[in-house]
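Values in this text are rule-based calculations from the coordinates and carry no lab data. Quick caveat, the model's predicted, so the values are computed rather than measured. We place every Cβ from the backbone using ideal geometry, glycine too, and count neighbours over all the protein chains shown.
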Amino acid sequence: MKRLLIMAALCALGQLGCSSEAGDNSSSNDDGSSSNDDSCSASDPCTSGTCVYPPGDCSSNAKGSCVEILQCDGPPPGPACQCDGTVLENPDAMCSPSGPRPTAALCQTGTFACGDITCKRNLEVCVATSGGAMPTTTHACVALDEINNTCVNGIPDCACLQPAECGGAPCCSADADHQETITLNAP
């Protein structure tokens with residue numbers, strides 16, 4: 001069920017190619033007529049399906065779309081930024097459609113250690129490369145969009161990072177603060 005909710009959110013946001021159809025959000029207007037649009041909000045929930053909000057609006061009157069998934073599958077979308085500035089770290093964070101969500105920028109604050117340099121929290125990944133001609137380890141901060149990933153919410157997580165340099169082997173780890181490091185061995 002959790003996977004279906006993730007996919008519902010991704011489909012509604014146009015980030016997966018899915019078959020979906022709008023839920024019936026019929027409601028009566030003051031004049032007794034019925035409105036049949038697929039919009040929803042905290043005060044006007046879906047009568048069927050899930051209300052999925054596009055990122056970037058944390059206001060109390062944010063509007064979403066009612067979505068019912070018919071068929072959809074895909075990889076975990078990764079963590080999501082919440083309106084209070086905290087990160088929902090679950091790699092299936094979209095499983096909890098608790099309401100409006102901001103863009104990832106709200107949660108991309110502070111830094112974390114990457115060898116002898118610092119990277120931006122929830123924005124960059126530390127890449128540690130060892131081996132090669134010099135038996136030392138070099139460190140670099142790499143933006144999420146420069147790494148093959150499925151982190152559709154804009155926040156790195158090992159579950160949605162797929163660096164080609166790892167050749168399918170696990171090479172990602174996270175510290176206690178959920179900041180990711182990719183370890184590569186140079187020939």
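Couple of notes before you dig in:
- Annotation: the residues Glu165, Glu146, Glu124, sorted from fewest to most other C-beta atoms within 10 Å of their own C-beta, follow the order Glu146, Glu165, Glu124.
- Computed E for Thr118/Asp84 - FRET, C-beta separation, R0 22 angstrom, nearest 0.05: 0.35
- By other beta-carbon atoms within 10 Å, ranking Ile147, Ile117 with the fewest at the front produces Ile117, Ile147.
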